[in-house]
Amino acid sequence: MFGTAEVTKTQINTSVAPETKLNLVLKGVLAAGSTAMASAIIARGANGKEEIYGIDDKIPGGITLKEIHPEHIILERQGRFETLRMLISKGSD
């Protein structure tokens, strides 16, 4: 009746999150071993101001940064997950 209740975090499959249609550009990530130290550099549009965000930070427009991976991030918008990938520019050889 009394005591400590065990809280479990629901696992959500974000691996199938579709590409976002938002006007955001992922400029870079720091995918650290600890999620507390991971961060993402996100700009609004190709030439927009770059901002640094961490896990669970709020991005203007009702968006939350949920996961940071080496080449993409997972955003949550209106209860749905979306993927924002880093653009890989191909250098000239």
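The values are calculated or read from the model by the stated rules, or taken from the named source; none is laboratory data. Bear in mind that the values here come from a model prediction, so they are computed numbers and not experimental data. Note that we place each Cβ from the backbone using ideal geometry, even for glycine, and neighbour counts take in every protein chain shown. Calculation scope for accessible area: heavy atoms of the full protein, side chains included, ligands and nucleic acids excluded. Shrake-Rupley method; radii C 1.70, N 1.55, O 1.52, S 1.80 Å.
Details
- Boolean, LEU75 is open to solvent by 40 Å² or more (accessible area, probe 1.4 Å) and of a type in the set (A, V, I, L, M): no
- Annotation note: Cβ proximity below 8 Å between a residue of the stretch 18-37 that is touching a residue at least 40 places away in the same chain (Cβ under 8 Å) and a residue that is of a type in the set (Ser, Thr, Tyr) (sequence gap 6+ or interchain) occurs for PRO18/THR83; GLU19/THR83; THR20/THR83; VAL29/SER39.
- Taken together, the residues in the stretch 45-58 that are outside any loop (DSSP other than H, G, I, E, B) and closer than 22 Å to ILE88 by Cβ amount to 4.
- Among the residues of the stretch 22-44, those that are closer than 16 Å to THR83 by Cα and assigned to a loop (DSSP other than H, G, I, E, B) comprise LEU22, ASN23, ALA31.
- Single match in ILE42, ILE55, ILE74, ILE59 (criterion: β-branched (Val, Ile, Thr), over 11 Å from LEU24 (Cα atoms) and without any contact (Cβ under 8 Å) to a residue 60 or more places away in the chain): ILE55
- Scope the stretch 30-63; condition exposed (fewer than 15 other Cβ atoms within 10 Å of the Cβ) and among the polar types (S, T, N, Q); matching residues: SER34, THR35, ASN47
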